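Right, one structure below, let's go through it.
The values are calculated or read from the model by the stated rules, or taken from the named source; none is laboratory data. Computed from a predicted structure; not experimentally measured. In this analysis, Cβ positions are derived from the backbone assuming ideal geometry, glycine residues included, and neighbour counts consider all displayed protein chains. In case anyone asks, the SASA skips ligands and DNA or RNA and just uses the protein heavy atoms, side chains included. Shrake-Rupley method; radii C 1.70, N 1.55, O 1.52, S 1.80 Å.
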Amino acid sequence: DAVDVSQALRNKLTQNTGAAHTNAPHLQNVNLNEPITVAAPIGKMGSRHKVMGILPPTQGEREALSEVTPIAYNPLNNYSLNQITIETGRTHQIRVHMSDVLKCPLVGDDMYTNQSVRTGRSKGVPKWAKRDVERCMLHAAEVKVPHPRT
């Protein structure tokens, strides 16, 4: 029932896995299907309430843990497809961990990616591959919710 699902989400009893396309020329040398653990605290960045970032200790940060598994890499446009499982569920956790920690911003992410990367105009991207995308390339792949009666 909807109340049980809502309670599971509120009590952090769910497990979320996403799929993301990133601009990641340096991921070409990593082993595909080998998880990368990212443990970096996230907090609000100054007066910009909606923007989150990696903060040093004692500045209102909250623990955040992600597991990133590169699935595929395309050397023609430097994009990678990644499976990302979040253990903690902080605001913008995947976006911050990918952009700030791994230096692999999500394709189409207006908030955490600069214009040159968002439009494919970063170094190493061939001219024919330069294009704008309509939205952030982050997708829910799987959400596990405990059965309310078990």
| Counting Lys and Arg as +1 and Asp and Glu as -1, what is the net charge of the other residues whose Cβ lies under 12 Å from the Cβ of I84? | -2
| remark: Percent relative contact order for the stretch 18-119, counting Cα pairs under 8 Å at least six residues apart, stands at 31 percent
| Kirkwood Rh and Cα Rg combined as Rg/Rh, the stretch 18-119 | 0.97
| remark: Residue-normalised value, i.e. accessible area per residue, for the stretch 18-119 at 1.4 Å probe, in Å², stands at 50 Å²
